[in-house]
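Remarks on the structure that follows.
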Amino acid sequence: MSTTRFPTAVGVVCAAVLCVGCGSSASEEPQADGPAATAAVDSPSPSAPAAPTADPDVVPGSVLKTYLPTNRTLPKGWKVSTAFTEHDSGPKPVAPSANPGAAANFGCDQLSEHGTEGALGGWGAYANLGVTDPHAHEVGVMVRAYSAGQASEAFGNLRSLEGLCGTTYEPNSAGLLNNPVTITVSAVDGIGDEGVRITIDRKAYVGRETVVTRVGDRLLSVSSDNDGGKFADVMKLAKTLTPRVK
């Protein structure tokens, strides 16, 4: 009997973004009375943290896009997608997307729900596009650039999960936890400075496999779903593309 694969919902991601800081309320704050209360009012409020600024030393998106594949540099049978064309952050670095250290508690559950994106914050520039394998399977390719040392920190969020994840269960349409999902995080040797392979294999829903490699302060991600029944050969593509990243 064939298995129908359904795409996973993204609403939880949007809710998480919109609800940052929603967890506290005035009633939960400690209450003071008498002179202490007056002192609290008179005390200067702590200054807000400074907004992140762009690092001028980050390689900009207009350069990162030159690391992306072309029809001439792709393996035989692969092509640049006509549906998912190149996009980048432009000729200047941008303010970091997030501090990679903020994802230090990133775990297997977050990997299952949000993929690798939640672990790779902090980039200051990016470029991406889609390609298709010989079976017309769409594959995403993305290069991110970071400030000095932060690519290694972001990559470490993924590498820290090596060998720790296993099989868990996701809810079905009735809310019952009976849809198995197996997460495997394993090191990839001999590609760039370091690499990792993440496989999220679902039985009822669409899974995803991603290879992330680090070259200095740049991260390359190659990602495929298994909507057609199997993943594209992201390892082969990562081995081809990583040497292009400088």
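The values are calculated or read from the model by the stated rules, or taken from the named source; none is laboratory data. Every value quoted in this text rests on a predicted model; they were computed, and no experiment measured them. All Cβ positions, even for glycine, are placed from backbone atoms using ideal geometry, and neighbour counts span all protein chains on display. The area values use the complete protein model at the heavy-atom level, side chains included, leaving out ligands, DNA and RNA. Shrake-Rupley method; radii C 1.70, N 1.55, O 1.52, S 1.80 Å.
Brief remarks on what is shown
- Pairwise FRET efficiency - Thr184 versus Lys92, Cβ, R0 = 25 Å, nearest 0.05: 0.05
- At q = 0.11, 0.20 Å⁻¹ the log10 of I(q)/I(0) for the stretch 55-173 amounts to -0.47, -1.09, computed by Debye summation with a single uniform scatterer per C-alpha, solvent ignored.
- Spin-label model, His114 to Ala54: label points 7 Å out along the Cα-to-beta-carbon direction sit 2.5 nm apart.
- What the Kirkwood sum gives for the stretch 194-243 is a hydrodynamic radius of 11.3 Å, with every pair of different alpha carbons counted.
- Accessible surface computed residue by residue for the stretch 142-246, with neighbouring protein chains in place and a 1.4 Å probe, gives 43 Å² per residue.
- Surface composition of the stretch 125-238: carbon and sulfur make up 48 percent of the accessible area, probe 1.4 Å.
- Two-site label geometry, Tyr169 and Ala204: point separation in nm, points 7 Å out along Cα→Cβ: 1.0
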